[in-house]
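S.K.: Questions regarding the structure given below will be posed in turn.
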């Protein structure tokens, strides 16, 4: 239909209007390019040049600026790192090279000159080549330490005859280097200085000096963890302290000696106790927000494992056959650490880990002092002490661990030791007492299931008949089992728990099987008659007990039913 003559004419864009539309389109394209990561190309709108399309910009090699690729990364950073390391190693070999015909102090002088040159290069390249400058600085620290050691060590004719004097100089160098690390706020440099300090102790070939350096390293790591939260330095120090202590016990093979073990203890237990206490104190702080729980678990477990292994190795090397004072000392120390963690910040992981290691050390002491099979009885009673500790520390971890330890101890006794009535009685009583503790303190332990308690009760149900079988005469086994069942029923009445009734029923069925299978074929006629008579009487009495209980329950239900019938509204559940 042709437009009416009354309709207004369509507006025709002017030249300025077309430029405005191109400008808006260009802005939209620029936003789209920024979204998909394509660099925008400048467009001259004023001269009316049409903007490039997105496809043209993507295809254009100048559209995407080339960033630093793998080749540039390797060429600029990794080659410099490897080059600096190679340079430092070469200078170290140069320092140790025997210069014939030259004074003995010449290698160290060369080393000090190289250190000054490295420090100068690091300062010169601080801004232009920052990565290379950092590596050069660390290399200079290492070379300074090495050149100072060269004054006495690594040479048949040292420049300084006094080993003690050179060790003091090395210590002073390490103190200055650690001060520089703290001043520069460089945890990596502090880690390097720690490694060098422990290495100096190994080079000294003096066990006392080596053990002392480990204590100093532990103290420095604790200070820096508390002041600057350098947890990586703390973990490294933990590993180095225990690994270095172990290699010292093996004769310092890292210092060039054969693996043969120390002949004398050199008081290493005292150094181990101090270093261990310092490393344990690392965790006596409230957890940082950025510190994962896994880190605290690893630190506690590493401390416990290192102290326990090194302590028991000392016993094996120097104190075999003597009273278990080392094991008892370890146990006391671990339990003191667990108490400190619980008192300080309710640390459930550290508390549980150190408590478990404490009881492992106590178990080692019991096993070293008591003969079999009595040792298993002592270990069983220790499980009761562990359960009491779990209640004290509100630790579900300890109580679960104790369950597995208790089962493992009994399996070891069952397989490796002759049967003993006293040992079985100990295991049974401990199982029953722990079950009562779990029922009594289940809210404190935050136990929401009956699995662990039922496991201990089931263990007692099996252990008691087995122990009686190996304790009483064969003619009285069935009678003793029946008496145990009577005790279970009495306990169920006193404690108002039907679990003990089930234990009694289980024991009765075991007694019935024993009477019909064993007593019927092996006992003399007189004992056989007595067994069947006692069994029959006990079963009838138990049957009357259950009949009386059922009638009592029916009488209790009748008033409730009559009340519901007299008042139908009472029978309806409330809204």
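The values are calculated or read from the model by the stated rules, or taken from the named source; none is laboratory data. Bear in mind the structure is a predicted one, so any value in this text is a computation, not a measurement. Every residue, glycine among them, receives a Cβ derived from its backbone with ideal geometry; neighbour counts consider all protein chains shown.
S.K.: With the condition kept exactly as written, say whether any residue in the stretch 322-335 is within 20 Å of residue 389 (Cβ to Cβ) and either touching a strand residue (DSSP E or B) at 6+ places or on another chain (Cβ under 6 Å) or in a loop (DSSP other than H, G, I, E, B) (or both).
M.R.: yes
S.K.: Of everything in the stretch 295-321, what is without any contact (Cβ under 8 Å) to a residue 12 or more places away in the chain and either crowded, with 21+ Cβ neighbours inside 10 Å or touching a helix residue (DSSP H, G or I) at 6+ places or on another chain (Cβ under 8 Å) (or both)? Give them in sequence order.
M.R.: Passing the criteria: only 319.
Residue-by-condition table, conditions (1) assigned to a helix (DSSP H, G or I); (2) in contact with a helix residue (DSSP H, G or I) (Cβ under 9 Å, 6 or more places away or on another chain); (3) surrounded by 16 or more Cβ atoms within 10 Å (Cβ to Cβ); (4) modelled with pLDDT of 95 or more:
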residue: 177; (1), (2), (3), (4): yes, yes, yes, no
residue: 185; (1), (2), (3), (4): no, yes, no, no
residue: 189; (1), (2), (3), (4): yes, yes, yes, no
residue: 214; (1), (2), (3), (4): yes, yes, yes, yes
residue: 227; (1), (2), (3), (4): yes, yes, no, no
residue: 243; (1), (2), (3), (4): yes, yes, no, yes
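S.K.: Something else about it: Among the numbered criteria (1) in contact (Cβ under 8 Å) with a residue 12 or more places away in the chain; (2) in a helix (DSSP H, G or I); (3) farther than 25 Å from residue 247 by Cα, which single criterion is violated by residue 146?
M.R.: So residue 146 meets the others, but not (3).
S.K.: With respect to residue 425, determine if the residue is over 28 Å from the mean Cα position of the chain (by Cα), at pLDDT below 90 and either outside the structural domain of residue 497 (by TED's automatic domain parsing) or more than 15 Å from residue 455 (Cα to Cα) (or both).
M.R.: It is true that residue 425 is over 28 Å from the mean Cα position of the chain (by Cα), at pLDDT below 90 and either outside the structural domain of residue 497 (by TED's automatic domain parsing) or more than 15 Å from residue 455 (Cα to Cα) (or both).
S.K.: Quick one: would you say residue 507 is surrounded by 15 or more Cβ atoms within 10 Å (Cβ to Cβ), at pLDDT below 85 and in a helix (DSSP H, G or I)?
M.R.: Considered against the rule, which asks whether it is surrounded by 15 or more Cβ atoms within 10 Å (Cβ to Cβ), at pLDDT below 85 and in a helix (DSSP H, G or I), residue 507 comes out as no.
S.K.: Which of (1) at pLDDT below 90; (2) surrounded by 22 or more Cβ atoms within 10 Å (Cβ to Cβ) is the odd one out, the single condition residue 272 does not satisfy?
M.R.: Condition not satisfied by residue 272: (1).
S.K.: Considering each residue of the stretch 118-142, count those that are part of a helix (DSSP H, G or I) and surrounded by 14 or more Cβ atoms within 10 Å (Cβ to Cβ), and give that number.
M.R.: Of the residues in the stretch 118-142, the ones part of a helix (DSSP H, G or I) are 118-124, 130-142.
Remaining after also requiring surrounded by 14 or more Cβ atoms within 10 Å (Cβ to Cβ): 118-119, 121-122, 131-142.
Residues meeting the conditions: 16.
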